[in-house]
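The values are calculated or read from the model by the stated rules, or taken from the named source; none is laboratory data. Not measured: the values here are computed from a predicted model. All Cβ positions, even for glycine, are placed from backbone atoms using ideal geometry, and neighbour counts span all protein chains on display. The area values use the complete protein model at the heavy-atom level, side chains included, leaving out ligands, DNA and RNA. Shrake-Rupley method; radii C 1.70, N 1.55, O 1.52, S 1.80 Å.
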Amino acid sequence: MGDAENLWTRDPRTVLRAGPDLDLSALDRHGRPGWAGGKDEAKAFTARRGRLLSELQERLFAHGRTGGDRAVLLVVQGLDTAGKGGIVRHVIGMVDPQGVALRAFGVPTEEERQHHFLWRVRRALPRPGLIGVFDRSHYEDVLVPRVQGLVEEDVLTRRFDEINHFEEEIAASGTTVVKVALMVSYEEQGLRLMERLDRPDKHWKFDPGDVDTRRSWDAYQSAYADVLARTSTGVAPWYVVPADRKWYARLAVTELLTRTLVDLDLHWPGVSWDVAEQRRRLAATMSEESLREAASGVEDRAAEYRESEAAYAAAVADASSTESRRGG
Ligand code: AMP
Ligand code: MG
């Protein structure tokens, strides 16, 4: 599937995973952990992986359409300008929108505030066969009110427990949860916000409140550190993605998602009806001329199918083997 070189030297699921010894304040937000190339190589490789991601998504969709219970949920968190929208546009944008359940979470509405904080989140979960994408999520409920001093420690602790339990439940129901925290630096955020002010066509993205949020930078950083420490679990790990270089963040999330889908080991579903019998029934409705035309393409279609399966198998192998191929 394409020529762009695979320059991953480590599996990003290993290098980016938030472990117990993560020191968020020491994270190089301009870094490109695990990737040995630069921007051009990354863009070319992201596009190449996109073709695999797209086929994986179609297989997941087919699985869901035929009674399977698997789904994937990508949770995208990050402060203003971290690049959440860019992930949706450039990574999720590479797959068929019919297979995606996208939900952006803003300040809770009047109705949402009358329910438990997970109410609106449960309603947005992907059905089997879909890739759910959360642009912000239930994590806002342990970030914003905390920084604003609106919740006591015991409420916060209860919410963390509820979130971990909720995600365990989601995982047990067949949904693989992938959480990415896009980490932009203070300097870069300032530049990106200023750019929004410089360009009238970006004004709509700016909210005067973004500056207030920025002024609470340190409080948000420690709130994020706490989130990562308390909710990066075996069934729902956090991946911490340096986001000062947009191309790296997009490359990394593409790879995390692709490898997650590869691990689902999805096959084209079998069918309960008999192909030969349906072929006979259909043929009975067609003209001699059409039947001759259809028959003339049989070999080509068989070859196309074989080639496509071989290309898929090769791409899957490439997305599975970084750690061993390059010796970690
Ligand atoms: P944006 O993602 O730029 O459209 O902004 C959405 C805004 O909604 C951000 O300022 C979020 O912090 C805020 N938000 C989202 N969820 C919550 C929540 N549960 N509680 C408070 N604020 C929230
Ligand atoms: Mg915003």
Scan of the range 170-189 for residues that are part of a helix (DSSP H, G or I) and surrounded by 14 or more Cβ atoms within 10 Å (Cβ to Cβ), ordered by number: Ile170, Ala171, Glu188, Gln189
Helices (runs of 4 or more DSSP H) fully within the range 210-313 counting 1 or more residues that are open to solvent by less than 30 Å² (accessible area, probe 1.4 Å) and within 16 Å of ligand 2 (Cβ to nearest atom): 217-231
Number of positions in the range 193-209 that are within 12 Å of ligand 1 (Cβ to nearest atom), in a helix (DSSP H, G or I) and surrounded by 10 or more Cβ atoms within 10 Å (Cβ to Cβ): 4
Output for the range 95-131, where each listed residue is more than 16 Å from ligand 2 (Cβ to nearest atom), closer than 23 Å to Asp210 by Cα and in a loop (DSSP other than H, G, I, E, B): Thr109, Phe117
Sole residue being open to solvent by 40 Å² or more (accessible area, probe 1.4 Å), within 24 Å of Leu52 (Cβ to Cβ) and of a type in the set (S, T, N, Q), chosen from Gln148, Gln114, Gln98: Gln98
Some residue of the range 51-63 being hydroxyl-bearing (Ser, Thr, Tyr), open to solvent by less than 20 Å² (accessible area, probe 1.4 Å) and out of contact with any Cys (no Cβ under 9 Å at 6 or more places or on another chain): no
Test: Glu140 is in a helix (DSSP H, G or I) and without any contact (Cβ under 8 Å) to a residue 24 or more places away in the chain: no
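When you check Arg29 against the structure, is it part of a loop (DSSP other than H, G, I, E, B), charged (D, E, K, R) and either crowded, with 17+ Cβ neighbours inside 10 Å or away from ligand 1 (no atom under 16 Å from the Cβ) (or both), yes or no?
Yes.
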